[in-house]
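Chemist: Sharing a structure with you now.
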Amino acid sequence: MSLAKLNPTQTAAWKKLESHFNENHHLEMKHLFAQDLNRANEFSIQFGDFFLDYSKNRISSETIKLLLELANECGLDKAIESYFKGDLINQTENRAVLHTALRVQNETPVLVDGQDVIPEIRSVQQKMEGFTAEVISGSRKGFTGKAFTDVVNVGIGGSDLGPDMVVEALKFYKNQLNAHFVSNIDGDHVNEILSGLNPETTLFVIVSKTFTTQETLTNAETIRKWFLKSGTQQDVAKHFVAVSTNIKKVTEFGIAEENIFPMWDWVGGRFSLWSAVGLTIALAVGYDNFDQLLKGANRMDEHFKSAKHSQNIPVVLALVSIWYNNFYKSESEAIIPYSQYLKRLSAYLQQGVMESNGKDKDRNGNAVNYQTGTIVWGEPGSNSQHAFFQLIHQGTKLIPVDFIGFKRSLHGDQDHHNKLMSNFFAQTEALLNGKNTATVNAEFAAQGISGEQADFLRSFKEFAGNKPTNTLLIDKLTPESLGALIAMYEHKIFVQGVIWNIFSFDQWGVELGKQLANVLLSEIESKNIGKHDSSTTNLLKHFLDA
Ligand code: F6P
């Protein structure tokens, strides 16, 4: 069954939300807190080791009630069922969307075209487990008989961002293998990484769902040439493995079939880290930790499937975000993890969110007349406080922020952790309350600032506050909690796509640039500039003259 094709702005709930917004958009959160002592309890959800406080938002019980009505009118329950069941909800590519099947913890059949996919998943997982154990223990060796010391993941987009983010996030749990990531077509990227590596002890994992991606194939070819300066063609088999759906292309490239880890077209690239695309993760932290990551994601899947919408973390996050995106017209959302280990999280989520929901056609193929995908960005706190937080506090744009923090640090340095977390809580409090004239005046009095100087400075020192935040407090950064965190955002993306009536699992918009790059490459190589706009022609002339 495909997803319903309903324009959300035509629902009764949307209309009610519009009038509700018109009547209430000026409300100040700090007054809402003052009026309702139960507010923090009402707008929070505890799920296992996750505690979500979403009370610091410009919402009332009525707002949430209407947003939940919107979700119901848009058929969210049915959509969730179709998603997990393997219906062809990626209709423009005629595919199921089943990354959730990769992390199921039982053997209940999940059918694609009438075929149970669980046995295939288990067989690839067993292959990954065996392979990673051999590499990590050193029993699988390179062409000169030495154990592997380095692993290079070669891929781009979903074949890079997920593994890269997770390996960084789980560094605390890593083993002796050093993981590297080559993605960019920029030759300086691959050559820089190769310059620090020994071909005798390096394993290359070429990851490409399609095995047609220019960047990955070019990088893989460059690496093979570099490798062949030391090893022979036969040795390639020991040092190169691939992850792909395109077995034919991989074997044509010269990678033996036993060194291929298959994936399936029902796994979208940006949701693929749970498949063999996560091989570098399993190599870097061991298969048991990779398995914990899957377990955590599955735990969130079960919560998403079964919790009622009002108590469902991904649903609530998606709805609150729709409130700002479609009613307050805020354009972006920041994601600020208070963990340096999560420094690649927002880069990873940028693909997840923006490639999925950056769509201007609805599921009927018509142009949408409302906003869809948000812009996502962020950096870890506390660093980001000293970079872009000024604009969030006192800029002219409304930027809802997700704060993600952990009760316990990994290295156990309590002094640092207390300081980190005091910044974490301070920011959401500052964004909520701002700083009023009375407080500024009291500070001036204490500092001996008065008269004209005080009058001049006062407005600059005031903060309006009323800036929305969600706070997610998790016990500890573990493979399990990370899996749940990623799955939480995946489901938020899904819910938003369902309500916005768009197809979240295709990405036609990235194709045009790829096509034009192919045309331009032949013009650059032949120094024969074709027909372009005058700007592009001029730029090409400058480039070719260089
Ligand atoms: O350019 C977009 C994209 O298709 C992404 O969706 C995907 O994750 C990436 O390219 C890489 O694709 P592949 O794994 O097929 O090389």
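The values are calculated or read from the model by the stated rules, or taken from the named source; none is laboratory data. Because the structure is a prediction, the values reported are computed rather than measured. Cβ coordinates were reconstructed from backbone atoms using ideal geometry, including for glycine residues, and neighbour counts include every protein chain displayed.
Chemist: Out of Phe227, Phe204, which single residue is more than 11 Å from the ligand (Cβ to nearest atom), surrounded by 14 or more Cβ atoms within 10 Å (Cβ to Cβ) and over 26 Å from the mean Cα position of the chain (by Cα)?
Modeler: Phe227
Chemist: Related question: Checking Val152 against (1) closer than 30 Å to Leu32 by Cα; (2) among the hydrophobic types (A, V, I, L, M, F, W, C); (3) within 16 Å of the ligand (Cβ to nearest atom), only one condition comes out false. Which one?
Modeler: With respect to (1) closer than 30 Å to Leu32 by Cα; (2) among the hydrophobic types (A, V, I, L, M, F, W, C); (3) within 16 Å of the ligand (Cβ to nearest atom), Val152 is out only on (1).
Chemist: Which condition breaks for Val243 when tested against (1) under 30 Å from Leu293 (Cα atoms); (2) modelled with pLDDT under 95?
Modeler: Looking at each condition in turn, Val243 falls short on (2).
Chemist: Which condition breaks for Ser346 when tested against (1) closer than 30 Å to Ile399 by Cβ; (2) within 16 Å of the ligand (Cβ to nearest atom)?
Modeler: (2)
Chemist: Still on this model: Sort out which residues of the range 1-44 are under 23 Å from Gly434 (Cα atoms) and not in a helix (DSSP H, G or I), and write them in order of number.
Modeler: His25, His26, Leu27, Glu28, Asp36, Leu37, Asn38, Phe43, Ser44
Chemist: Still on this structure, please answer the following. Does Ile392 meet the test of being under 30 Å from Tyr370 (Cβ atoms), among the β-branched types (Val, Ile, Thr) and more than 17 Å from the chain's Cα centre (by Cα)?
Modeler: yes
Chemist: Between a first residue in the range 187-210 that is more than 14 Å from Leu228 (Cα to Cα) and a second residue that is aliphatic (A, V, I, L, M) and at pLDDT below 95, which pairs have beta carbons less than 9 Å apart while being 6 or more apart in sequence or on different chains?
Modeler: Pairs that qualify, where the first residue is more than 14 Å from Leu228 (Cα to Cα) and the partner is aliphatic (A, V, I, L, M) and at pLDDT below 95, are Ile206/Ile255.
Chemist: Same structure, new question: Looking at the range 67-85, can you tell me whether even one residue there is of a type in the set (Val, Ile, Thr) and within 16 Å of the ligand (Cβ to nearest atom)?
Modeler: The answer is no; no qualifying residue exists.
Chemist: Still on this structure, I have one more. From Gly114, Gly86, grab the single residue that is of a type outside the set (D, E, K, R), under 25 Å from the mean Cα position of the chain (by Cα) and either surrounded by fewer than 14 Cβ atoms within 10 Å (Cβ to Cβ) or farther than 14 Å from Val498 by Cβ (or both).
Modeler: Matching residue, one of Gly114, Gly86: Gly86.
Chemist: Something else: Does the range 1-51 hold any residues that are basic (Lys, Arg) and touching a helix residue (DSSP H, G or I) at 6+ places or on another chain (Cβ under 6 Å), and which are they?
Modeler: Listed by number, the residues that qualify are Lys16, Lys30, Arg39.
Chemist: Next up: Can you pull out the residues in the range 371-416 that are under 21 Å from Arg58 (Cβ atoms) and of a type in the set (Phe, Trp, Tyr)?
Modeler: Within the range 371-416, Trp377, Phe389, Phe403 qualify.
Chemist: Could you check the range 460-494 and list, in sequence order, the residues that are more than 30 Å from His411 (Cβ to Cβ) and touching an Asp or Glu at 6+ places or on another chain (Cβ under 6 Å)?
Modeler: The one that is more than 30 Å from His411 (Cβ to Cβ) and touching an Asp or Glu at 6+ places or on another chain (Cβ under 6 Å): Asn466.
Chemist: So, restricting to helices (runs of 4 or more DSSP H) that lie completely within the range 45-140, which ones have at least 1 residues that are at pLDDT 95 or above, among the hydroxyl-bearing types (Ser, Thr, Tyr) and farther than 18 Å from Pro314 by Cβ?
Modeler: 61-73, 118-137
Chemist: Looking at (1) within 16 Å of the ligand (Cβ to nearest atom); (2) over 24 Å from Ala484 (Cβ atoms); (3) part of a helix (DSSP H, G or I), can you tell me which one Asn326 breaks?
Modeler: (1)
Matching residues to (1) of a type in the set (Asp, Glu); (2) assigned to a loop (DSSP other than H, G, I, E, B); (3) under 28 Å from Leu6 (Cα atoms); (4) in contact with a Phe, Trp or Tyr (Cβ under 9 Å, 6 or more places away or on another chain):
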residue: Gln350; (1), (2), (3), (4): no, no, yes, yes
residue: Met354; (1), (2), (3), (4): no, no, yes, no
residue: Arg363; (1), (2), (3), (4): no, yes, yes, yes
residue: Tyr370; (1), (2), (3), (4): no, yes, yes, yes
residue: Lys397; (1), (2), (3), (4): no, yes, no, no
residue: Gly405; (1), (2), (3), (4): no, no, no, yes
residue: Gly412; (1), (2), (3), (4): no, yes, no, no
residue: His417; (1), (2), (3), (4): no, no, no, yes
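Chemist: Residues that are within 16 Å of the ligand (Cβ to nearest atom) and buried (at least 23 other Cβ atoms within 10 Å of the Cβ): list the helices (runs of 4 or more DSSP H) wholly contained in the range 453-546 that include at least 3 such residues.
Modeler: By residue number, 479-500.
Chemist: In the range 177-198, what residues are more than 25 Å from Leu345 (Cβ to Cβ) and assigned to a loop (DSSP other than H, G, I, E, B)?
Modeler: The answer is Ser195, Gly196, Leu197, Asn198.
Chemist: Something else now. Please go through the range 40-55 and give me each residue that is over 23 Å from the mean Cα position of the chain (by Cα) and buried (at least 19 other Cβ atoms within 10 Å of the Cβ), ordered by number.
Modeler: Once the filter is applied, which keeps residues that are over 23 Å from the mean Cα position of the chain (by Cα) and buried (at least 19 other Cβ atoms within 10 Å of the Cβ), the range 40-55 yields Phe43, Ser55.
Chemist: Okay, next question. Being among the small types (Gly, Ala, Ser), away from the ligand (no atom under 12 Å from the Cβ) and surrounded by 21 or more Cβ atoms within 10 Å (Cβ to Cβ) narrows it down to one of Ala220, Ala147, Ala169, so name that one.
Modeler: Checking each option against the conditions leaves just Ala169.
Chemist: A further question on this structure: Does at least one position in the range 231-253 carry a residue that is in a helix (DSSP H, G or I), within 19 Å of Thr144 (Cα to Cα) and among the hydroxyl-bearing types (Ser, Thr, Tyr)?
Modeler: No: zero hits.
Chemist: Can you run down the residue pairs with Cβ atoms below 6 Å, 6 or more apart or on separate chains, where the first is in the range 265-287 and farther than 15 Å from Ile206 by Cα and the partner is within 12 Å of the ligand (Cβ to nearest atom)?
Modeler: Asp265/Thr245; Val267/Ser275; Gly268/Phe505; Arg270/Gly158; Arg270/Gln351; Arg270/Gly352; Arg270/Glu355
Chemist: Take the range 264-297 and flag every residue that is in a helix (DSSP H, G or I) and within 16 Å of the ligand (Cβ to nearest atom).
Modeler: Passing the criteria: Gly269, Arg270, Phe271, Ala276, Val277, Gly278, Leu279, Thr280, Ile281.
Chemist: Could you tell me whether Leu217 is modelled with pLDDT of 95 or more and under 18 Å from Thr144 (Cα atoms)?
Modeler: no
Chemist: In addition: Could you please tell me which pairs satisfy a Cβ distance under 8 Å, a separation of 6+ or placement on different chains, a first residue in the range 500-520 that is under 17 Å from Asn94 (Cβ atoms), and a second residue that is in a helix (DSSP H, G or I) and of a type in the set (Phe, Trp, Tyr)?
Modeler: Pairs that qualify, where the first residue is under 17 Å from Asn94 (Cβ atoms) and the partner is in a helix (DSSP H, G or I) and of a type in the set (Phe, Trp, Tyr), are Ser504/Phe494.
Chemist: Give me a count of the residues in the range 349-369 that are more than 16 Å from the ligand (Cβ to nearest atom) and farther than 21 Å from Ile89 by Cβ.
Modeler: Total meeting the criteria: 2.
Chemist: May I ask you to list the residues in the range 109-143 that are within 28 Å of Phe84 (Cβ to Cβ) and among the acidic types (Asp, Glu)?
Modeler: Asp113, Asp116, Glu120, Glu129, listed by residue number.
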